[in-house]
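These notes concern the structure reproduced below.
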Amino acid sequence: MEKENWINEILESANGIAKATPNASLFAKIQGKIREHEIVSSKWIWLAAASLTLLFLLNAKVVFGGKHKTEASAVESLATSLSNNNQLY
Amino acid sequence: MKNLAGDFQSVYNQYAVLVYNVALNYVQNIEDAEEITQDVFVQVYNSLENFAEKSSLKTWIYRIAINKSLDFIKYKNSKKRFFIFGNKSQNEKEYENVSNFEHPGILLENKEKAAVLYATINELTTNQQTAFILSKIDGLGNVEISEIMQLSVSSVESLVFRAKAALQEKLSKKFEEHRKKK
C-alpha cells in the first residue's frame, strides 16, 4: 500500500506543471545564430566555386598537357621508324 | 511567406515557450534547453519559406523540437563515451546530475518527487518517453500526439499505456532504495 501510494505520488508529481519561460535574451541569440549561418553559407559557396575552378583548371591542364605529350610521342615514333628503315650500315 | 523576418518574430513569440518546455522535459537542463530552442528556431527560420503546410505549424514545430532534443541527447551521450577517460567539462557534469533537476514550473512540495519522475522517464525507450511527455506532462490529446509522432491513435494509446507500466515497474524497484535511505 505504502509502495503504491509512493508510486502514484511520483507519477502525479508533474500534474499542474507551469510552463517555464525562456530567457528574454534568447531571441537576440537566435538572430545572431541566423546571421552566423548566413555568413557561413556564403563562405561555403565561395569555397565550392573555388574548388570547381581549381578542378576545371587541373582537368584542362591534364587534357591539353596530354595532347602535347601525344604529339611529341608521335614525332618520336616516326623518327624511330625512319631511323630503323634508313639503316646506314 | 512574404515578410519572413516579421513572420519569424511572430512565430517565435507564439511558440518559444512550447519549444523551450519540450526541450526542458527531454534534457532537464536550462542551458541545454536554451541551446536546443536556438537550434529549433534557426531551423524554423531556414525552412519557414518552404513550409508545405501539410500539418499545422504547431505540429511541425513540435516535431522539430522533439527531433532536436533527441539529437542533442545522442550527441551528448556519444561525447560522454568519447571523453570517458578525459576531464569532464562543467556542462557534462551538469548533464550527469539530471536526476537532481528541479523544473522551474513544478510546485515546491513536488520538486523532489518530480526529480525522481524525470530520472525514471529518462530510462524509457525513446517512443515511450515522447508519448509520455506529450500526454502526461504537456497534456496533449492522443490525436494531436499521433499527428506529431506520425503514428496511429491506437499506437499512441498503446505507447502511453506501456510507458506508464514501465514507469510503475521501475519506480517499484526505486521504492526499495527510497525506503532504505529513509
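The values are calculated or read from the model by the stated rules, or taken from the named source; none is laboratory data. Values in this document were obtained by computation on a predicted structure and should not be read as measured data. Heads up, the Cβs are rebuilt from the backbone with ideal geometry, glycines too, and the neighbour counts pull from every protein chain shown. The accessibility values were calculated without ligands, DNA or RNA, using every heavy atom of the protein model including side chains. Shrake-Rupley method; radii C 1.70, N 1.55, O 1.52, S 1.80 Å.
Residue pairs whose Cβ atoms lie under 8 Å apart, sitting 6 or more positions apart in sequence or on different chains, and linking a residue in segment B:135-158 that is part of a loop (DSSP other than H, G, I, E, B) to a partner that is among the hydroxyl-bearing types (S, T, Y), are B:S152/B:S146. Kindly indicate the residue of segment B:135-180 that is among the charged types (D, E, K, R) and more than 12 Å from chain A (Cβ to nearest Cβ) and also most open to solvent (accessible area, probe 1.4 Å) among those meeting that condition. Ranking the qualifying residues of segment B:135-180, first place goes to B:K180. The residue that is least open to solvent (accessible area, probe 1.4 Å), among those in segment B:103-117 that are more than 8 Å from chain A (Cβ to nearest Cβ) and either within 11 Å of B:N25 (Cα to Cα) or among the aliphatic types (A, V, I, L, M) (or both), is B:A115.
Which of the residues belonging to segment B:1-50 are farther than 22 Å from B:M149 by Cα and small (G, A, S)? Matches in segment B:1-50: B:A5, B:G6, B:S10.
Condition check ((1) of a type in the set (S, T, Y); (2) within 13 Å of the chain's Cα centre (by Cα); (3) open to solvent by less than 10 Å² (accessible area, probe 1.4 Å)) across all residues:
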| site | (1), (2), (3) |
| --- | --- |
| B:Q28 | no, yes, yes |
| B:D32 | no, yes, yes |
| B:E53 | no, no, no |
| B:S56 | yes, no, no |
| B:R63 | no, yes, no |
| B:K68 | no, yes, no |
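Out of all the residues in segment A:1-22, is one or more touching a Ser or Thr at 6+ places or on another chain (Cβ under 7 Å), within 14 Å of chain B (Cβ to nearest Cβ) and at pLDDT below 90? Yes; the residues of segment A:1-22 include at least one that is touching a Ser or Thr at 6+ places or on another chain (Cβ under 7 Å), within 14 Å of chain B (Cβ to nearest Cβ) and at pLDDT below 90. Being open to solvent by 20 Å² or more (accessible area, probe 1.4 Å), small (G, A, S), modelled with pLDDT of 75 or more and on the phi < 0 side of the Ramachandran plot is a condition met by no residue of segment B:84-91.
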